[in-house]
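Report on the structure given below.
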Amino acid sequence: MAEAAPGQPASRPLPPGLDLLWGRRERGKRGPRPGLSADAIVEAAVRLADREGLEAVSMARVAAELKFTTMSLYRYVASKDELLQLMFNASSLGAESVVIEGHDWRSRLRSWSIIQRDMLDRHPWITQLPMAAPPVSPNSLHFVERALEALDGTGLAESQKIRAIGLISSYTLSEAKMANDAARAVAALAKAAQAEQAQPEAADGQPGGDGGQAPPFTFEELLRELVDEQTYPHLYRLAWDSSPADSLSEREEFLSGLDLILDGVQASIDRAKRGTGQQ
């Protein structure tokens with residue numbers, strides 16, 4: 001554990017997982033296993049989650065992926081919860097050197113959010129991780145540091161900056177989760193259809209069917225089925241609105257929402273400048 005500076009209170013022990021990530025706990029070295037390390041375990045777990053989803057990740061499955069016994073993993077990673085923390089940190093590998101492009105705070109922060117969204121799309125299992133508190137792994141904090149840097153010179157207080165970053169990050173995570181959940185639902189329907197087609201006969205002796213299950217409803221399609229104009233006049237208009245927005249892709253919808261949030265950040269910056277008399 002790092003020693004406290006003179007006059008400062010002693011460092012408190014970090015929670016399991018964070019102590020390993022921040023070098024406050026020695027990585028396991030008992031019983032040498034050539035080719036096995038905390039890094040190798042995390043890399044295997046990430047490969048497994050990328051391929052089969054977070055539900056596939058267990059200490060036993062990761063051990064099988066590495067061709068080691070399950071117990072050998074516990075010499076390096078204390079628990080599955082700790083493994084999940086290490087995986088989350090690994091998903092942001094290289095965050096300390098990421099380049100945020102743009103000519104002003106808005107374009108840089110927009111770029112930052114898109115980088116985050118692309119990372120979530122590459123590793124959709126992240127959207128299934130429990131998030132009881134803001135992530136404070138080293139790579140996560142490097143990424144937050146880049147966003148704070150993008151807001152330099154805006155006149156916002158530090159608390160306003162981190163609030164704006166938290167809002168953008170929460171929005172990006174929520175949109176990625178909905179897209180991932182929708183993709184998982186479609187995949188589950190396709191799998192069920194394949195299983196039905198593979199059955200020569202249904203349980204009642206009838207042919208198994210053609211597997212032509214309907215795709216999931218969109219939000220607007222559900223509204224058209226459920227709301228009437230008298231009870232829900234505003235939702236009814238939304239359901240039957242034929243404006244160009246109806247043709248936006250999921251990615252375009254995400255960027256449209258992001259721009260709305262950035263408009264709010266701009267309003268906060270304008271208020272801060274008026275308060276200090278800046279033009």
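Hey, can you tell me all the residues within region 109-163 that are small (Gly, Ala, Ser) and surrounded by fewer than 15 Cβ atoms within 10 Å (Cβ to Cβ)? Ala132, Ala133, Gly153, Ala157, Ser159 - these are the residues of region 109-163 that are small (Gly, Ala, Ser) and surrounded by fewer than 15 Cβ atoms within 10 Å (Cβ to Cβ).
On the stretch given as region 67-114, residues that are among the aliphatic types (A, V, I, L, M), within 21 Å of Pro138 (Cβ to Cβ), outside any loop (DSSP other than H, G, I, E, B) and within 16 Å of the chain's Cα centre (by Cα) total 5.
Does Leu54 fit the bill of being in contact (Cβ under 8 Å) with a residue 60 or more places away in the chain, under 16 Å from the mean Cα position of the chain (by Cα) and surrounded by fewer than 20 Cβ atoms within 10 Å (Cβ to Cβ)? Against the criterion (in contact (Cβ under 8 Å) with a residue 60 or more places away in the chain, under 16 Å from the mean Cα position of the chain (by Cα) and surrounded by fewer than 20 Cβ atoms within 10 Å (Cβ to Cβ)), Leu54 qualifies. Could you list, in sequence order, all residues of region 220-242 that are modelled with pLDDT under 90 and either hydroxyl-bearing (Ser, Thr, Tyr) or in the same structural domain as Ala179 (by TED's automatic domain parsing) (or both)? Of everything in region 220-242, just one residue is modelled with pLDDT under 90 and either hydroxyl-bearing (Ser, Thr, Tyr) or in the same structural domain as Ala179 (by TED's automatic domain parsing) (or both), namely Ser242.
Of the residues in region 102-110, not one is farther than 12 Å from Ala147 by Cα, among the basic types (Lys, Arg) and at pLDDT 95 or above. Residue count for region 115-139 satisfying the condition of being part of a helix (DSSP H, G or I) and without any contact (Cβ under 8 Å) to a residue 12 or more places away in the chain: 1.
The values are calculated or read from the model by the stated rules, or taken from the named source; none is laboratory data. Because the structure is a prediction, the values reported are computed rather than measured. Every residue, glycine among them, receives a Cβ derived from its backbone with ideal geometry; neighbour counts consider all protein chains shown.
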